[in-house]
Each structure stands twice: as structure tokens, then as C-alpha cells.
1. Can you confirm whether R85 is modelled with pLDDT of 95 or more and crowded, with 19+ Cβ neighbours inside 10 Å?
2. Test E131 against the criterion of being acidic (D, E), surrounded by fewer than 18 Cβ atoms within 10 Å (Cβ to Cβ) and more than 23 Å from the chain's Cα centre (by Cα), and give yes or no.
3. From the list A104, A43, which residue is buried (at least 17 other Cβ atoms within 10 Å of the Cβ), under 23 Å from L212 (Cα atoms) and touching a helix residue (DSSP H, G or I) at 6+ places or on another chain (Cβ under 6 Å)?
4. Examine the stretch 164-186 for a residue that is assigned to a helix (DSSP H, G or I) and within 18 Å of L89 (Cα to Cα), and state whether such a residue exists.
5. Got a number for residues in the stretch 108-141 being closer than 12 Å to A164 by Cβ and touching a Lys or Arg at 6+ places or on another chain (Cβ under 9 Å)?
6. Only one of (1) farther than 18 Å from T205 by Cα; (2) surrounded by 15 or more Cβ atoms within 10 Å (Cβ to Cβ); (3) touching a His at 6+ places or on another chain (Cβ under 7 Å) fails for L14. Which number is that?
7. Among the residues of the stretch 53-68, is any more than 14 Å from the chain's Cα centre (by Cα), of a type in the set (A, V, I, L, M, F, W, C) and crowded, with 17+ Cβ neighbours inside 10 Å?
8. Looking at E233, E263 in this structure, which one is over 13 Å from the mean Cα position of the chain (by Cα), under 28 Å from L72 (Cβ atoms) and either of a type outside the set (A, V, I, L, M, F, W, C) or crowded, with 17+ Cβ neighbours inside 10 Å (or both)?
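The values are calculated or read from the model by the stated rules, or taken from the named source; none is laboratory data. What you are looking at is a predicted structure, and each value in this text was computed from that prediction instead of being measured. Cβ atoms come from the backbone with ideal geometry, glycine included; neighbour counts cover every protein chain shown.
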Amino acid sequence: MVSRREAAVRSPVLRVRNVAWRASTVPVLEHVSFDVAPGELVAVMGRNGAGKSTLLDIIAGLRSPTEGAVILAERPLDEWAAIARARMLAHLPQSLRADLSMRAEALVLMGRYAHAARWFESDEDRQVAQEAMQRCECLEFRRRTLATLSGGERQRVFLAACLAQQGRVLLLDEPATFLDVDQQLQCFSVLRAEAERGTACLVVTHDVNLALTFCTRVIILAERGVARDLATESALDDPAWLHVFSQRLTVDQGASRPWVRYE
């Protein structure tokens, strides 16, 4: 995984330029701009209703911005054909509907659809899917149906499907939802490893400490735009940004490493 300084010299694979979006006449996002380079793991944070999920939907091509543009690998997002875009960009939304009678392995193999040259998956597809399930610690229930899995187990399967897609950009909306503490750490460890492979990762999270522990940067959405864009190595030296979330948050410098706690 690259530092922000290293990322600055790389050509961004994702550029968000002056993006705005309105729900009817109500502005949700205005003048949102930032870049994400290969190898970055960027946390998107903010209060409920700040527009985090809307922003990821726009980047994924599920919503069209009212103004501005998303540039993917030097081409406007709306110029990409759906299959070509799916080879470049994988998206795990906050809420994902799936056929509960489907086996976990079959769902992960759906992540290979954009790469398929035939109706049936290849040996390579099966190998990629198996590796993704191993990384997400869900291979053991690959033959079980989704209906028999807990919410956290399903979430690990959904993440594995995104990894199997092998996009250059990975968008994840609260991927640690439903996960126990150990699996939350495993989830972010997987994302950090994915960034170290050169993937540009953008993840929505409400967990400040997970973001500061695993991510390269933290982008804070507030007042319909980007309030702060901080490198994580410097974020703890300037804790004023925490007040975007709550006046009760403070940085504890007495631990073995700085830690955000509630007062």
C-alpha cells in the first residue's frame, strides 16, 4: 500500500471532478473533487445523510451526477460500456439483494461475469473465486446456500465476489456491516492487502479507528462537500476534524499508538 506522498506521483486511476447531485430540488452533494491512485485505501467518512453512499453510487455509475464528472482511467465514466466498466470497477453497496437459494460459491463466481468468454466459468474463474473466498475466510461454506448463512457470513461472501471481479478500483459501502470484531479486522486487512496489490480502494466506514489503522487517507464529507482530505499519518496530529462527527471524540496520546476515544 502506498503513502499519500507516493500516490501523488502516480497517475490517478479515479478522478472525481466537481460532482454535484440533487434529490429533486434538495442538494445532497456539491463541488466534490478528489483523486484516488493505484495502491491507495481511502476511507470516506461523515455523519448519516452526508452523501457517502450517494457518492459511491455515482462513482459506480448507478446514479448520474447533476453536475461534474467521474473519470475512470482517463476516460469519462459514461463513455465506458457496462462490461468494460465492470472489468475496471467493482462495487459492494450497503444493501445487496441476492437469491437466498444460491450457493455461496456460485455467487462469488458471478463476480467473474465481466471476464467470461463463454456461458460457463473456466478453471481460471474457479481458481480466482476460490482464492477470493480463502482471503475472506468464507471458503468453508462455499457449498452452503445464502439462506443458511448469518448476515456476517453473507457479507464475507459478497466481499469475496467483489475481489473475484479483479477490478482496478474497488468501491465498498460499509463492508464491515454485520461482522464481529475479529472479522472487521480481517475485512480491513484484506482491503489493505488488496491496495498493496495495486488496487485503488474507496471504502465508506463509520469506524474512525479502523480507518486510521488501515487506510492511507480519510475523506470527510460534511455540508454537502469534502470538508477534509487527510493523510492518516497526519490526521492524529490535527484532531479538529473529529468534531465533524462529535464533540465527544478526542485523541488519546497515552496509548502505545494514538487512539480515538469517546469522552
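1. Numbers: modelled with pLDDT of 95 or more: yes; crowded, with 19+ Cβ neighbours inside 10 Å: yes.
For R85, the condition - modelled with pLDDT of 95 or more and crowded, with 19+ Cβ neighbours inside 10 Å - is met.
2. On the way: acidic (D, E): yes; surrounded by fewer than 18 Cβ atoms within 10 Å (Cβ to Cβ): yes; more than 23 Å from the chain's Cα centre (by Cα): no.
In short, no.
3. Numbers: A104 fails: under 23 Å from L212 (Cα atoms).
That would be A43, the only listed residue that is buried (at least 17 other Cβ atoms within 10 Å of the Cβ), under 23 Å from L212 (Cα atoms) and touching a helix residue (DSSP H, G or I) at 6+ places or on another chain (Cβ under 6 Å).
4. Residues of the stretch 164-186 that are assigned to a helix (DSSP H, G or I), as a first pass: 164-165, 181-186.
This time we only want the ones that are within 18 Å of L89 (Cα to Cα), so: 164-165.
The answer is yes, given that some residue of the stretch 164-186 is assigned to a helix (DSSP H, G or I) and within 18 Å of L89 (Cα to Cα).
5. Result for the stretch 108-141: 15.
6. (3)
7. Scanning the stretch 53-68 turns up no residue that is more than 14 Å from the chain's Cα centre (by Cα), of a type in the set (A, V, I, L, M, F, W, C) and crowded, with 17+ Cβ neighbours inside 10 Å.
8. On the way: E263 fails: under 28 Å from L72 (Cβ atoms).
Matching residue, one of E233, E263: E233.
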